[in-house]
Amino acid sequence: MEVLERLQQREAEGNPIRVGLVGCGHMGSGMVHVTHQMAGMETIAISDVAPARALETWRKLGFSDSDVCITNDRGQAEDALRARKRVLTEDSVMLAQLDGLDAVVEATGSTEVGARVAWTGIMNSHHVIMLNVETDVTVGPLLHRLARKSGCVYTAASGDEPGVCKMLYDFARTLGFEVVCLGKGKNNPIDLNATPESCREEAERRGMSPKMLSAFKDGSKTMVELAAMSNATGLQPDIPGMHGPKADVAELNQVLIPREDGGVLSRRGCVDYATGKVAPGVFAVITSPDPRIRVDMRFLSMGDGPYYTLYRPYHLCNVETPISVAEAVLYGESTIVSKRMVSEVAAIAKRTLQAGETAGEIGGPDYFGRTYRYVEARAQRAIPLGLVPSGTVLQPIGKGELLTEANFAPDPDTFVCKLRRMQDAQLAMEGQG
């Protein structure tokens, strides 16, 4: 694909790809800076619950306050875009409706906001790019199908580990290799007791939200990312929560392989993660039964086999997101999407939860996520992680126990819950679930 050339052409024609962003936090604001330096792409509208934060992003890029229209009125916003002004709003759904946008990037991490924005964007024929994998692993299959019917693209973003892993997977499978294990590095062991308060000092030092850092430390983000890889490729978690062995890059093709060959996996075709000196990279452990190909792989310094490691030592998160935007708009292609439910991220109590309590957000002190095979999660009537926020505890749930339909009720009035019911019904009709 000639993405650079196509973008340069659009720049020369004065017709850049016009992007709307929902969520101007650390990731979102960084993406705005990237699109500002690119040829052929501009972020022209931003929605954020803290408008001053988004306004400051544009100020740092040299825009004056008079260049920005601050409004929650759709008509005013569209008039401003026609006048070549930027638009800033607190209304994320309104942003996703705007004429004049080619694509909407969702970067909040909230499954409720993500579901509303994605649905609205698709209904308005906008390509939707998710820096919100939590939403994708909850209702991604439904959103993907709706987008295809509407003639637009719904996709998770390049730069997040799932998108970068999918590139490795596609590369290997295109060449006929078997992918034995696909995964990512995690820079520290999972701390199931992490809370925003325990993470606050480090989060403030790193310029992060304590809740987001807590979701990384308690493993929820890793579980979500690996479930997204699973749902996009058909690879499965070997065990609930996966193995997560400590291994360096050179050890991946000795550890994340079948047990009969000295590894930890009970099967081939898995997703997993490794702690050690793998992060911030991603990997695919691959193999081929062809002796001649093994000769070539040895000649190419890939080792003696039969297992080889494809390794990308970085993922650039929001910095790479515009690549997914460009591919969606220019070619109608998705980077990675949950096309089916192979894995489910279920919620586990982080502390004892009492009947009547209302659950907080992902990364909070109440629960964490753990990846299961979808059929196992359904058999246990587990509550998907993305449906837990604002739900109600029905009876006491002990620390470390699974949240299930017997002890917990998601909020039925949330939009993400309504979409999930639609998805469950659709999958049931197809014999899944």
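The values are calculated or read from the model by the stated rules, or taken from the named source; none is laboratory data. These numbers come from a predicted model, not from an experiment. So basically every Cβ, Gly included, is an ideal-geometry build from the backbone, and we count neighbours across all protein chains shown.
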* Can you tell which of G386, G369 is part of a strand (DSSP E or B), within 15 Å of the chain's Cα centre (by Cα) and either free of Cβ contacts under 8 Å to residues at least 40 places away in the same chain or outside the structural domain of E106 (by TED's automatic domain parsing) (or both)? -> G369
* Qualifying positions in region 122-155 - assigned to a helix (DSSP H, G or I) and among the small types (G, A, S) -> G140, A147, S150
* Structure fact -> Taking region 41-81 and keeping only residues that are in contact with a helix residue (DSSP H, G or I) (Cβ under 8 Å, 6 or more places away or on another chain), more than 20 Å from D99 (Cβ to Cβ) and part of a loop (DSSP other than H, G, I, E, B), one is left with D48, L61
* To do: Check region 232-251 and report whether any residue there is in contact (Cβ under 8 Å) with a residue 12 or more places away in the chain and under 28 Å from A96 (Cα atoms).
  => yes
* Asked: Just wondering, is there one or more residues in region 339-351 that are closer than 21 Å to N193 by Cβ and surrounded by fewer than 19 Cβ atoms within 10 Å (Cβ to Cβ)?
  -> yes
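Specify which of the listed residues (R292, R370, R312, R298) is of a type in the set (K, R), closer than 18 Å to N193 by Cα and modelled with pLDDT of 95 or more.
Details: R292 fails: closer than 18 Å to N193 by Cα; R312 fails: closer than 18 Å to N193 by Cα; R298 fails: closer than 18 Å to N193 by Cα.
Going through R292, R370, R312, R298 in turn, just one is of a type in the set (K, R), closer than 18 Å to N193 by Cα and modelled with pLDDT of 95 or more: R370.
Residues that are within 23 Å of A172 (Cα to Cα) and either in contact with a Phe, Trp or Tyr (Cβ under 9 Å, 6 or more places away or on another chain) or not assigned by TED's automatic domain parsing to the domain that holds H26 (or both): find the helices (runs of 4 or more DSSP H) completely inside region 184-300 holding 3 or more of those.
Details: elements: 196-206, 210-217, 220-233, 252-255, 291-299.
Because the criterion is at least 3 residues that are within 23 Å of A172 (Cα to Cα) and either in contact with a Phe, Trp or Tyr (Cβ under 9 Å, 6 or more places away or on another chain) or not assigned by TED's automatic domain parsing to the domain that holds H26 (or both), the helices (runs of 4 or more DSSP H) in region 184-300 that meet it are 220-233, 252-255, 291-299.
Being of a type in the set (G, A, S) and surrounded by fewer than 18 Cβ atoms within 10 Å (Cβ to Cβ) is the filter; apply it to region 32-53 and report the residue that is nearest to T321 (Cα to Cα).
Step one: filter region 32-53 for residues of a type in the set (G, A, S), giving 39-40, 45, 47, 50, 52.
Still in the running and surrounded by fewer than 18 Cβ atoms within 10 Å (Cβ to Cβ): 39, 50, 52.
Details: A39: 15, A50: 22, A52: 23 Å.
The extreme case among them is A39.
Out of everything in region 1-38 that is at pLDDT below 95 and either among the basic types (K, R) or in a helix (DSSP H, G or I) (or both), what residue ends up being nearest to W119 (Cα to Cα)? Spell out the reasoning first.
Applying the first criterion (at pLDDT below 95) to region 1-38 yields 1-2, 25-27.
Okay, now just the ones that are also either among the basic types (K, R) or in a helix (DSSP H, G or I) (or both), so 26-27.
Values: H26: 24, M27: 21 Å.
My answer is M27.
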* Asked: Just for region 394-433: of the residues that are among the aliphatic types (A, V, I, L, M) and surrounded by 20 or more Cβ atoms within 10 Å (Cβ to Cβ), which one is farthest from A228 (Cα to Cα)?
  -> I397
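Looking at S92, S66, can you tell me which residue is assigned by TED's automatic domain parsing to the domain that holds L131 and touching a Ser or Thr at 6+ places or on another chain (Cβ under 7 Å)?
Working: S66 fails: touching a Ser or Thr at 6+ places or on another chain (Cβ under 7 Å).
The unique qualifying residue is S92.
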* Count of region 61-79 residues which are more than 18 Å from M41 (Cα to Cα) and either in contact (Cβ under 8 Å) with a residue 24 or more places away in the chain or among the small types (G, A, S) (or both) -> 5
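Residue-by-condition table, conditions (1) modelled with pLDDT under 95; (2) within 30 Å of I293 (Cα to Cα):
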| residue | (1), (2) |
| --- | --- |
| A147 | no, no |
| G151 | no, no |
| L168 | no, yes |
| T174 | no, yes |
| S209 | yes, no |
* Out of all the residues in region 265-323, which are of a type in the set (F, W, Y), surrounded by 15 or more Cβ atoms within 10 Å (Cβ to Cβ) and more than 24 Å from the chain's Cα centre (by Cα)? -> Y307, Y308
* Structure fact -> Looking across region 169-183 at residues that are part of a helix (DSSP H, G or I) and hydrophobic (A, V, I, L, M, F, W, C), the single one that is surrounded by the fewest Cβ atoms within 10 Å (Cβ to Cβ) is F171
